[in-house]
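Worksheet: one structure, shown below.
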Amino acid sequence: MRAVLLDTGVIVALLDRSERNHTVCAEAIEEATAPLITCEAVIAESCYLLRKQSGAAEAILENVKRGVFQIPLQLTQAAAPMQRLFRKYRDREMDLADACLVHLAGEFESGDILTLDSDFEIYRWGTNQPFHLLLKNEAR
């Protein structure tokens with residue numbers, strides 16, 4: 001079963017009912033049958049963006065604890081390939097979370113991603129493979 005990568009915006013929309021993409025993101029996560037793979041940078045960004053929402057950080061960490069959001073990346077081992085990604089996408093000002101997800105796509109050989117970030121239409125994983133954005137176009 002191929003992994004599905006999980007980006008910050010989807011987690012934020014899932015937990016913030018006022019977010020315009022809440023419903024589509026909640027449905028996408030509920031319908032996901034493959035493991036949801038993410039990284040600590042995505043978790044940190046999500047907690048930061050939801051810091052004023054009571055209980056959001058706890059809910060995110062509960063999903064990590066229960067294995068709903070899986071975090072297989074060790075930055076120590078991924079640092080060199082991610083440095084190459086930062087150089088490759090210097091013009092896009094790639095952030096750490098995006099670099100982690102691009103790296104994880106190669107590790108898991110899956111470009112399936114739940115994201116609201118249009119940069120994943122540009123980013124490539126593996127040997128120039130495009131990402132498969134799983135959310136409806138109107139959500140991005």
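The values are calculated or read from the model by the stated rules, or taken from the named source; none is laboratory data. Computed from a prediction, not measured in an experiment: that's the story for all the values here. So basically every Cβ, Gly included, is an ideal-geometry build from the backbone, and we count neighbours across all protein chains shown.
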Q: Search the stretch 83-98 for residues that are under 13 Å from Phe120 (Cα atoms) and at pLDDT below 95 and pair each with any residue that is part of a loop (DSSP other than H, G, I, E, B) and not hydrophobic (A, V, I, L, M, F, W, C) when their beta-carbon atoms are under 9 Å apart and the residues are at least 6 apart or on different chains.
A: Arg92/Tyr123
(Q) Just to be sure I understand the filter: pairs with C-beta atoms under 6 Å, separated by 6 or more residues or on different chains, first member in the stretch 27-44 and within 13 Å of Val64 (Cβ to Cβ), second member among the aromatic types (Phe, Trp, Tyr) and surrounded by 15 or more Cβ atoms within 10 Å (Cβ to Cβ). Which pairs pass? (A) Leu36/Phe69; Thr38/Phe69
Q) What helices (runs of 4 or more DSSP H), lying completely within the stretch 1-69, carry at least 3 residues that are modelled with pLDDT of 95 or more and within 21 Å of Cys100 (Cβ to Cβ)? A) 8-15, 40-49, 56-65
Q) In the stretch 68-82, what residues are touching a residue at least 12 places away in the same chain (Cβ under 8 Å) and among the small types (Gly, Ala, Ser)? A) Ala78
